[in-house]
Amino acid sequence: MAPWMAKTHGFWLGWPGDALPGEPEGRARLMREWEEEHGYVAVEIPAKISRSFYEGYANDTLWPLLHGFPTRVVFAPDSWVAYRDANQRFADAVVSRAQKGDLIWAHDYQLMLVPQMVREQSPDSRIGFFLHIPFPSSEVFRILPEREELLRGLLGADALAFQTHGHLHNFRRSLLQVLGLESQMDSVQIDGRTVHLSALPIGIQSDEWEALLRDDRKVAKRRAELNARHHGRKLMISVDRLDYTKGIPERLRTFRRFLRSSPSWRGKVTLVQVAVPSRERVPAYAELRSEVSELVGEVNGDFGTPEWQPVVYLRRAVNKQELAALYSAADLAWVGPVRDGMNLVAKEYVACQHDGDGILLLSEFAGAAHELGEALRINPYDEVGTAEVIERALEMPSEERAERMAALHERVHRNDAVVWAERFIDGLRTATATTRKTMRKDRPTPDLPALTAAFTQAERRLLLLDYDGTLTDIKPRPQDAAPTPRLTGLLRDLTTLPNTTTAIISGRSQADIERWFGDIPDLGLAVEHGALMRAPGADGWEMLRGGMDLSWKDHVAPVLEQFAASAPGSLVEYKDYALAWHYRLVDAEFGAWLANELVTTLENLLAGTELAVIHGNKVVEVRYAWANKGEVAAHLAASYRRKSFVMAVGDDRTDEDLFGSLPRSAWTIRVGTGSTTARFRLPGPREVRAVLRALVEA
Ligand code: ADQ
């Protein structure tokens, strides 16, 4: 990030760990210095929280879980509290420093709640988030008790990016499975906002590595020394944090197998394993440290000679110059994580092989494998297969090696860290620009005084109301959405107003609507999207169009029943002129998939008929194409003069037909989110009822 930050003069906010002195004056002075001279803002986290936050929730819970190792996950409710607390401190620090228009970029699994926490305090903020590590399959992710909060935390951002398309795909499946939230390939809607989603593999500053090799005399000297020292032998290099995701024991066991199965290579190849200890206060890491030391001892003990040490193990950080020399001297880099977001070592090796013919052995479980196609891919769990690949690599002709490396180099060079950061920032800028535009363009809530004035001053008034999701909240089972006495009272009051026609236009069956509202004589009722209607004051129901052949139901019903049988919780609704398959209670992901299958099946079956297949909100419905709410509205509004007051309220796609059929002057109101042709928007049924109550009172 350094080159990018130098370009933008941005602030870094970070936890200083143990870097600050305990004594308050020195602390304050150092913090001031950091901020003024380097733009580093220290976010202080009290010791009693920091341990549970960092070693605890971040590294003992999220790290193994997101890497797909559920059995390593430690569940500790207290550490979650600390994680939330630490995230809140970061969010507060951001909010207190950010100025209007600033771009805020949060990084990685330690800060997954920060986007939403910032959003809550400062709703117009422009926030991006990048996840450096993998996002696991939803089956693994949803193990976490705090899965919902974490997803919602991330969704506070305007732009979310992952290392690979695979991780992004997994994230979207979790949105669906955990939150029931459907998404598009590149975006998801939440709370009336759009969150942009992308896969953006991170790069390195390859020119810095190249410059080291070109210009730094120390590096050249070290490289020559290494070459001389390993003359006549192949040098293999591995560089990792000492972490169980990096596959170090797996690599050592594989190397042992290789030496066993390819005796001719004994004495002719050396593996240098550099491993910097990390997170040593987490028990799993201490165990790993011993395991690795033991394995190194075994391999060297079993195969070493007085002249040759098979594994050279450096358990420490080495500086960048030493690394550059090692990378450029090595004939082969063995990058074998069992799971890795990207893996920068693979790219660093490639950068240092400018004009070289080194071979990159790359685990298919590293994000980098998706980009670096010319590497030799390995499955680090497969000792036999990997040993064969090593043999092939060591025997590969120089031309082929050089060709592969040139292609890799080109790719690593092109997508460097600055390009990566620029892409992210551009994405965030575009995302926030479009969100703002749609928000500005979005429908206002109707102005209540203006609405009631128009209502009371008109000579005649027509109110067209959808039922589910408009007058009452959507319920998991359709039969649970019966109206309260208060709601029927409100509708009755509306029908007693002079020169006012009120009608409910619903997709429901005649039976439901008749049972609930049949005894309000002056309430107009249209059911099955308008196939059947009871005009205000009329005794009976009439069909909008007569003489229909209903034999299609015999063909369609078995198809729907078959889908219902295969999806527990779903059901078929039989209406007079329509059939519907409801899947609100089905597992979200399975339901969405099955619904698409059903729509395709039905569209083929019904092509060329006057029937339409409508995929609504958790329902797939077959009905007459002409039976739509627009037809009813046109029918009811026919006798209304231009000056009349017309209001229509609805919450889903079928209501768009209604809005579209009315004159521009009508008060059309969309309830909830989603694109609409209505002029106004209200958040939910409660607000709709409040407006209707205001009309009665006016
Ligand atoms: P890490 O898990 O830390 O990063 P990685 O991408 O390999 O893994 O980066 C390690 C960095 O540390 C490299 O720059 C490497 O040179 C350096 N390093 C490792 N061991 C070293 C040693 N002994 N001495 C000196 N330097 C050493 C997380 C994710 C990755 C993702 C990165 C960036 O886990 O998957 O690639 O973030 O997004």
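Taking strands (runs of 3 or more DSSP E) that do not extend beyond the range 296-380, which have at least 1 residues that are within 30 Å of His107 (Cα to Cα) and in contact with a Leu (Cβ under 7 Å, 6 or more places away or on another chain)?
Details: elements: 311-314, 332-335, 359-363, 376-378.
Fully inside the range 296-380 and qualifying: 332-335, 359-363, 376-378.
No other residue among His169, His132 is free of Cβ contacts under 8 Å to residues at least 12 places away in the same chain, farther than 26 Å from Thr676 by Cβ and of a type outside the set (Val, Ile, Thr) apart from His169.
Open to solvent by 30 Å² or more (accessible area, probe 1.4 Å), under 21 Å from Trp593 (Cβ atoms) and free of Cβ contacts under 8 Å to residues at least 24 places away in the same chain: does that describe Asp186?
Working: open to solvent by 30 Å² or more (accessible area, probe 1.4 Å): yes; under 21 Å from Trp593 (Cβ atoms): yes; free of Cβ contacts under 8 Å to residues at least 24 places away in the same chain: yes.
So Asp186 passes the test.
Under the condition of being open to solvent by 10 Å² or more (accessible area, probe 1.4 Å) and within 16 Å of Gly358 (Cα to Cα), the residues counted in the range 330-347 number 2. Of everything listed in (1) free of Cβ contacts under 8 Å to residues at least 24 places away in the same chain; (2) more than 8 Å from the ligand (Cβ to nearest atom), the single unmet condition for Asn319 is (2). Residue pairs whose Cβ atoms lie under 8 Å apart, separated by 6 or more positions or on different chains, with the first residue in the range 92-109 and within 16 Å of Trp12 (Cβ to Cβ) and the second open to solvent by 40 Å² or more (accessible area, probe 1.4 Å) and within 16 Å of the ligand (Cβ to nearest atom), are His107/His132; Asp108/His132.
Restricting the range 262-279 to residues that are more than 14 Å from the ligand (Cβ to nearest atom) and not in a helix (DSSP H, G or I), the residue that is nearest to the chain's Cα centre (by Cα) is Leu271.
Number of residues in the range 300-316 that are closer than 19 Å to Arg241 by Cβ and either open to solvent by 60 Å² or more (accessible area, probe 1.4 Å) or more than 12 Å from the ligand (Cβ to nearest atom) (or both): the value is 4. As a summary of the residue check, Asn499 satisfies the conditions (1) on the phi < 0 side of the Ramachandran plot; (2) modelled with pLDDT under 95; (3) out of contact with any Phe, Trp or Tyr (no Cβ under 6 Å at 6 or more places or on another chain) except for the one numbered (1).
Scanning the range 664-689 for residues that are more than 33 Å from the chain's Cα centre (by Cα) and in contact (Cβ under 8 Å) with a residue 24 or more places away in the chain yields Trp667, Arg689.
In the range 54-163, counting only helices (runs of 4 or more DSSP H) that sit wholly within it, the ones holding 3 or more residues that are under 17 Å from the mean Cα position of the chain (by Cα) and surrounded by fewer than 22 Cβ atoms within 10 Å (Cβ to Cβ) span 138-141, 147-154. Scanning the range 205-245 for residues that are within 15 Å of the ligand (Cβ to nearest atom), farther than 30 Å from Arg72 by Cα and buried (at least 21 other Cβ atoms within 10 Å of the Cβ) gives Ser206, Trp209, Leu212, Leu213, Val219. Contact map, the range 262-277: residues that are under 14 Å from Ala317 (Cβ atoms) paired with residues that are assigned to a loop (DSSP other than H, G, I, E, B), Cβ distance under 7 Å, separation 6+ or inter-chain. Pairs shown: Val274/Val318; Ala275/Arg315; Val276/Arg316; Val276/Ala317; Pro277/Arg315. Number of residues in the range 516-570 that are surrounded by fewer than 12 Cβ atoms within 10 Å (Cβ to Cβ) and farther than 27 Å from Ala592 by Cβ equals 11.
Picking from residues in the range 280-292 that are within 15 Å of the ligand (Cβ to nearest atom) and open to solvent by less than 60 Å² (accessible area, probe 1.4 Å), the one that is modelled with the lowest pLDDT is Val282. Considering Leu497, Leu462, Leu491, the condition of being surrounded by 20 or more Cβ atoms within 10 Å (Cβ to Cβ), touching a residue at least 12 places away in the same chain (Cβ under 8 Å) and either of a type in the set (Phe, Trp, Tyr) or not in a helix (DSSP H, G or I) (or both) is satisfied by Leu462 alone. Residue check: is Glu687 farther than 14 Å from Leu448 by Cα and of a type outside the set (Phe, Trp, Tyr)? When the stated conditions are applied, Glu687 does not pass them. Residues in the range 526-562 that are over 18 Å from Trp626 (Cα atoms) and basic (Lys, Arg): none.
Annotation note: Cβ proximity below 9 Å between a residue of the range 624-652 that is over 30 Å from Ala607 (Cβ atoms) and a residue that is among the aromatic types (Phe, Trp, Tyr) and part of a loop (DSSP other than H, G, I, E, B) (sequence gap 6+ or interchain) occurs for Val646/Tyr640.
Going through the range 92-139 one residue at a time, which ones are among the small types (Gly, Ala, Ser), away from the ligand (no atom under 16 Å from the Cβ) and closer than 24 Å to Gly166 by Cβ? Before you say what the answer is, go through the steps one by one.
The initial filter retains those residues of the range 92-139 that are among the small types (Gly, Ala, Ser), namely 93, 96, 98, 101, 106, 122, 125, 128, 137-138.
Remaining after also requiring away from the ligand (no atom under 16 Å from the Cβ): 93, 96, 98, 101, 122, 125, 137-138.
Selection gives Ser137, Ser138.
The residue list Leu259, Leu326 contains one member that is within 39 Å of the chain's Cα centre (by Cα) and either buried (at least 21 other Cβ atoms within 10 Å of the Cβ) or farther than 30 Å from Asp216 by Cα (or both), which is Leu326.
Among the residues making up the range 1-27, those that are free of Cβ contacts under 8 Å to residues at least 60 places away in the same chain, in a helix (DSSP H, G or I) and open to solvent by less than 50 Å² (accessible area, probe 1.4 Å) are Met5, Gly26.
The values are calculated or read from the model by the stated rules, or taken from the named source; none is laboratory data. Source: prediction; values computed, not measured. Please note: Cβ atoms are built from the backbone with ideal geometry, for glycine as well, and neighbour counts cover all protein chains shown. Calculation scope for accessible area: heavy atoms of the full protein, side chains included, ligands and nucleic acids excluded. Shrake-Rupley method; radii C 1.70, N 1.55, O 1.52, S 1.80 Å.
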